[in-house]
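Trainee: Here it is: the structure, laid out below.
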Amino acid sequence: MVIRIVPMVALLTLSFIAFAQPVTWQVRAGWHTSSAQIINKASLKKSTTNHLNGFSAGAGIRVEFDKQLYFTPRIQYSLHGYEVAAEKQVPAKQFRLHYIEIPVLLQYDFSKTGQGFYAQGGPSLGAAISGSQKTEDQQTPLRFGMTQYNRVNIDALAQIGYRLKNGLAIDASYTYGLTSITNGDDLPTVRMAQFGIGLSYHISKTTNQK
């Protein structure tokens, strides 16, 4: 149900804003490396994981609020993951999760010319499509539920970028999980984090006439 609702709400929101306001449409794709902080609920012991590479791709809009301040939501596919290192006789485990995400961001342009540096920040709502755990040559799907893995994930995202005159932009971002990707008392708390870079392109600008 969550997987269906999130994209529908996103598309309806984008369509409404696009109809009501002058907008710039954007597409973005990027690479990131992700890891996780694992907390044992019984001992409160914290452990970190090795990084795994992932990527994201999506589309969104930029709506002007006031001069250099913009509302920049988008919808995207994103692959996240982490690796638990091998210990003694226990082999390494790799976890990968596939998400549909909706970053709901505010953007501030440091220049009034439409090019130059800008900064973005805000929450990102994710709905897990699927996930897997790989141990050596064996791969098993992750189970989602109240005592298993969490379908919904909420992140905090910060991004800084530079936009060229032709509409092409490059950015660097950091994302930190505000919620655990696991549920229940038996599984540890797992919060993921990503650092990445991306390229985006502003397709066109439309101004509605009343």
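Trainee: Quickly run through the stretch 155-188 and pick out the residues that are assigned to a strand (DSSP E or B), more than 12 Å from the chain's Cα centre (by Cα) and crowded, with 17+ Cβ neighbours inside 10 Å.
Mentor: GLY161, ARG163, ALA169, ASP171, THR182, listed by residue number.
Trainee: Right, something else. For the stretch 58-71, what are the residues that are surrounded by 20 or more Cβ atoms within 10 Å (Cβ to Cβ) and either polar (S, T, N, Q) or touching a residue at least 40 places away in the same chain (Cβ under 8 Å) (or both)?
Mentor: Once the filter is applied, which keeps residues that are surrounded by 20 or more Cβ atoms within 10 Å (Cβ to Cβ) and either polar (S, T, N, Q) or touching a residue at least 40 places away in the same chain (Cβ under 8 Å) (or both), the stretch 58-71 yields GLY58, GLY60, ILE61, ARG62.
Trainee: Which one of TYR108, TYR82, TYR118, TYR99 is over 19 Å from PHE55 (Cβ atoms) and either among the charged types (D, E, K, R) or crowded, with 19+ Cβ neighbours inside 10 Å (or both)?
Mentor: Step by step, each of TYR108, TYR82, TYR118, TYR99 is checked, and only TYR118 is over 19 Å from PHE55 (Cβ atoms) and either among the charged types (D, E, K, R) or crowded, with 19+ Cβ neighbours inside 10 Å (or both).
Trainee: To continue, here is another question. In contact with an Asp or Glu (Cβ under 8 Å, 6 or more places away or on another chain), modelled with pLDDT under 95 and either outside any strand (DSSP E or B) or more than 18 Å from LYS165 (Cα to Cα) (or both), is that true of ILE75?
Mentor: Answer is yes for this residue.
Trainee: Right, PRO141: farther than 21 Å from GLY196 by Cα and at pLDDT 95 or above or not?
Mentor: Here the answer is yes, as PRO141 does meet what is asked.
Trainee: Restricting to the stretch 136-152, count the residues that are crowded, with 18+ Cβ neighbours inside 10 Å and touching a Leu at 6+ places or on another chain (Cβ under 8 Å).
Mentor: Of the residues in that region, 1 qualify.
Trainee: Select from the stretch 145-185 the residues that are among the polar types (S, T, N, Q) and either in contact with a Pro (Cβ under 7 Å, 6 or more places away or on another chain) or closer than 17 Å to GLY126 by Cβ (or both) and list them in ascending order.
Mentor: Scanning the stretch 145-185 gives GLN148, ASN150, ASN153, GLN159, SER173, THR175, THR179, SER180, THR182, ASN183.
Trainee: What are the pairs, 6+ residues apart or on separate chains, where a residue within the stretch 37-50 that is modelled with pLDDT under 85 has its Cβ under 7 Å from a residue that is in a strand (DSSP E or B)?
Mentor: Listed by first residue and then by second, the contacts come to THR48/SER35; THR48/GLN37.
The values are calculated or read from the model by the stated rules, or taken from the named source; none is laboratory data. Note that the coordinates shown come from a computational prediction; the quantities given were computed from them, not determined experimentally. Glycine gets a Cβ as well: all are built from the backbone with ideal geometry, and neighbour counts include every protein chain shown.
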